[in-house]
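See structure below.
Any read-out appearing in this document is the output of simple, stated calculations on the displayed coordinates, not a laboratory observation. The structure displayed is predicted, hence computed values, not measured ones. Note that we place each Cβ from the backbone using ideal geometry, even for glycine, and neighbour counts take in every protein chain shown.
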Amino acid sequence: MSNTSVAFILNAHLPFVRHPEYPRFLEEDWLFESISESYLPLLRMFNKLKAERISFKFTISLSPTLCCMLSDPILQERFLQYLERHIELGHKEVQRCNESQPEFLEMAQFYLGQAKQNLSDYQDLYRNNILDAFKALETSGHLELATTAATHAYLPLYKEYPTAINAQVELGVQSFLTTFGHLPKGFWLPECGYYPGLEENLKYHGINWFQTASQSMLLSQDKVQYGDYRPVRCPNSVAAFPRDFQGTSLVWSNSSGYPTDRVYREFYRDIGYDLPMEYIKPYIHEPEVRVFTGYKYWAITGQTDQKIPYRRELAQAKVREHARNFLYNLTRKGSDLAPSMENQPLFTLGFDAELFGHWWFEGIDWLEQVIRLVAEPGQTVALTSPSAFLSKEGSTLQTARPAFSSWGQGGYSAVWLDGANAWTYRHIHKAIERMEELSLRFSDQISLKQRFLNQAAREVLLSMASDWPFILFNKSSTEYAEKRLKDHLKNFNVVYGNMCKNAVNTEWLVKAEKRNSIFSDIDYNIFNPNR
Amino acid sequence: MILINIDSLSTTELQYIAQQERLSNWQSLDREELIDALEEAFGEQDDELPSAMKGKINRNRYCNALTDFRGNKQHINGLPGVEDLPESYLDTSIHLLLRDPQWAFSYWSLSPASNLMIFGEDGQEKSNLFLRVQETNLSTKGVRTFDISISLEDTQWNINLPNIGSSYVVDLCWRDKKGNEMSLAQSKSVETFPSYWQEHVDELAMDGDLFTMHFSSLVTREGEIVDNAVLREIAQTLSKGVL
């Protein structure tokens, strides 16, 4: 009998990046790395456990932009090419390591094997579309799938624009319905960004639950009883699941989380930088820009360049130790809390899905170990999902209002509204206002003008993605983020300028539809405030 | 641009980045010199990193290289008919965005007609622009205002919000040479709500179970608390200033 429940919620999201105008495009690798290092291994792990009839329950939010890219034929084809390059490099690496660096041979073989397995799974098992695999796991009761905002907009900074908030939520729900064939019950708030009142729009679209940042309960206007250890119901009955910062930090913390252990694989040492240009050139960015290849042979070791070679068996032993430690911590915490609670505590742990496998190489092995340990007889921790929890204990929840919050630095909106990105809102807000104006002035257009206006709506939504201000704040791929953000806004202005002259720029339209081909069935009237 | 985990990078990696950054003598530098040179080259950018991110293993989203250098080849071409974004728009408006309960960000624009009205045809009229922040206490409904002087060149401002539990709106105002004042535009309101537990810290202080219930999820095993000013304030009150 369990006395503690844990809800893992993984947020699988990437911004819409698709550049068919180039034979290869650096930022498209964000998707390919995530599929090959996180999503496919995650599905393999889930399916293996399912085949072994080991019970588990996880929640995954798949963002509409990610779903769109995962089902895009051009990107699917490019992913196959990516895997083929990866396999080709793997063969070369096995040969090279065999001849000159035998200490890395085991890992070279491992990477090659994983790439081959990925290709086989992707092509033969999933027919190039892994979304069906997530749906199958949902159907079998192992996953709860959730949606998020259409382009993963950080919603608190659009509070002034209810039509934009509604468009983000409605398209998030619609996209989920189109992809998975039913309406979602859960909504991942991008960046855990919440402001009081947001739940009204979520409820309008049939959402039962969302997650919030840890501090949203202690900072509530109401006397929340159980802190982050039970969800609350907002006054409109939508449930808010606060993230348990302590439990999450066992994994997430940059300074002390499990992934920082010295025996785990070092992410930043990669043969893309270490090997001679003539050898590595076909596998990096053209013309000769060194980037990560995924072939990494060193252990974290410490804050030093004197890294020791990665040893998989040591890392796997550590994975088991960390899984036990994780459950020990939760069990002890559950026992400590039990006397003060009427019902058992729930630990809600929210992560970016790409942490597992991509950033934390051993992360998926760790999740598997956690699931296996939870399934052992006598274990007092149970895995659940928000909907499963609500169906069982929904009637026992306190009614309270979460506080304005996010999971970013400072706990509010500082990451998405600082010196590096505040300038963007003047333009995005204006585009929203003008989109509303166009929807009012030119409602229910047909044919070319309808397509023109639909594309304008796509461009506004794409400019709202939380990823662009995050990258500008974080200074990681700023040139690309700024270019993308500006391009979407400039594209919108083409429509606005032309529509004000009662004209359509068809050359632009055809090219824009090809380039930013997301939300194929969008209706621009979604921005009509009188709708 | 940032450089990540410099101490963990191999000498080859450092040399490559130095070459990329066009450090003139990168081939003759040893490892320590390379690190010094790169830290200097990247120093300005890295100084802007939050302290919590320095010296730790960073997991930046959307990072497939050690720096954000991507060569000079792939620049997305604009589509036909696109024009640069304007610096501002031809209307008079003001907006207020809540950054956190203590600060809001405001931006505004002035239409040519407003400009003409305020500063005259020759732009020489001795008029003043200012922001008038109106604070309404959500409990007592008491209202107070304060003004912030701005110049014609200003287009945005970070505004301190003195009291939690208040609603704020900001007016973009004009004062003519005779002292007459006029609001040109008003923002929508932003609200900050008080936290029950911030106002009842004594309850947390007197009840260990209650304290554990509310704080144990917010602190790592190493004692690192969620990064939040209000939480830190509550924690400091509870520890009587020890923290």
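Structural remarks
- Residue (of A:470, A:488, A:442) at the positive-pole extreme of segment A:383-491, dipole from beta-carbon charges: A:442
- Gain in span if fully extended, residue A:3 to residue A:262, counting 0.36 nm per residue against the direct Cα distance: 89.9 nm
- Using C-alpha pairs below 8 Å separated by at least 6 residues, the relative contact order for chain A is 21 percent.
- Alpha carbon centroid spacing (whole Å) that separates segment A:146-219 from segment A:78-129: 38 Å
- Modelled label positions at residue A:236 and residue B:151, each set 7 Å beyond Cα in the direction of Cβ, lie 4.5 nm from each other.
- Cross-link reach is defined here as a Cα-Cα straight distance under 12 Å, omitting same-chain residues fewer than 8 places apart; for residue A:318 the aspartates and glutamates meeting it are A:261, A:362, A:365.
- Rounded FRET efficiency, nearest 0.05, which uses the C-beta distance separating residue B:211 from residue A:335 and R0 of 22 Å: 0.80
- Here the label points at residue A:520 and residue A:99, each 7 Å from Cα along the C-beta direction, are separated by 4.8 nm in the simple model.
- C-alpha center-to-center spacing [segment B:212-243, segment B:133-205] in angstrom: 29 Å
- Total formal charge among the other residues, if their Cβ is under 10 angstrom from that of residue A:348, Lys/Arg +1 and Asp/Glu -1: 0
- Positive minus negative residues near residue A:108 (Lys, Arg vs Asp, Glu; Cβ under 10 Å): 0
- Mean sequence separation of contacting Cα pairs (under 8 Å, at least six apart), scaled by the length of segment A:185-264, corresponds to a relative contact order of 25 percent.
- Rounded to the nearest whole angstrom, the semi-axes of the ellipsoid equivalent to segment B:93-192, taken from the Cα gyration tensor as √(5λ), stand at 27, 14, 10, largest first.
- Cβ-based charge dipole, chain A, positive-most Cα from A:202, A:252, A:26: A:202
- Going by neighbour counts of Cβ atoms within 10 Å, the residues A:65, A:399 line up, fewest first, as A:399, A:65.
- Descending semi-axes in Å of segment A:21-86, equivalent ellipsoid built from Cα gyration tensor: 27, 14, 9
- Taking a straight Cα-Cα cut-off under 28 Å and skipping sequence neighbours fewer than 8 places away in the same chain, the lysines within cross-link reach of residue B:178 are B:126.
- Shown is the FRET efficiency for residue A:447 and residue A:375, computed with R0 = 60 Å from the Cβ-Cβ distance and rounded to the nearest 0.05: 0.55.
- Rounded, prolate or oblate (a/c below 1.5 giving rounded, otherwise prolate when a/b exceeds b/c) for chain A by Cα gyration tensor: oblate
- Cα gyration tensor category, rounded, prolate or oblate, for chain B with a/c compared to 1.5: oblate
- Going from the fewest other Cβ atoms within 10 Å to the most, the residues A:269, A:484, A:127 appear in the order A:127, A:484, A:269.
- Structure-based [θ]222 nm, chain A - -39500 (n - 2.57) summed over DSSP H runs of at least 4, per residue, nearest 500: -14500 deg cm²/dmol
- Fewest-first sequence of A:356, A:351, B:146, A:361 by Cβ atoms within 10 Å of each Cβ: B:146, A:351, A:361, A:356
- Cβ-based charge dipole, the protein assembly as shown, positive-most Cα from A:264, A:339, A:105: A:339
- Lys, Arg +1 and Asp, Glu -1 on Cβ, resulting dipole of the protein assembly as shown about Cα centre, debye, nearest 20: 1780 debye
- Checked against a 21 Å cut-off, the cross-linked pairs A:483/A:514; A:490/A:514; A:57/A:185; A:159/A:223; A:430/A:501; A:159/A:203 give Cα-Cα distances beyond that limit for A:159/A:223.
- Debye, to nearest 20: dipole size of segment A:150-290, +1 on Lys, Arg Cβ, -1 on Asp, Glu Cβ: 480 debye
- Dipole magnitude of segment B:196-238, debye to nearest 20 (Cβ charges: Lys/Arg +1, Asp/Glu -1, about Cα centre): 140 debye
- Simple label model, 7 Å out from Cα along Cβ direction - residue A:316 to residue A:85, nm: 3.1 nm
- Förster radius 51 Å - calculated FRET efficiency between residue A:393 and residue B:27 (Cβ-Cβ, nearest 0.05): 0.20
- For residue A:202, neighbours were defined as the other residues whose beta-carbon sits under 11 Å from its Cβ, and their charges (Lys and Arg +1, Asp and Glu -1) total -1.
- Lysines whose Cα lies under 16 Å from that of residue A:50, excluding same-chain neighbours fewer than 8 positions away: A:135
- Distance from segment A:259-284 to segment A:285-364 (C-alpha centre basis), Å: 19 Å
- Mean separation of Cα contacts under 8 Å, 6 or more apart, over the residue count of chain B: relative contact order %: 14 percent
- Estimated from helices alone, the mean residue ellipticity of chain B at 222 nm is -7500 deg cm²/dmol (sum of -39500 (n - 2.57) over DSSP H runs with n ≥ 4, per residue).
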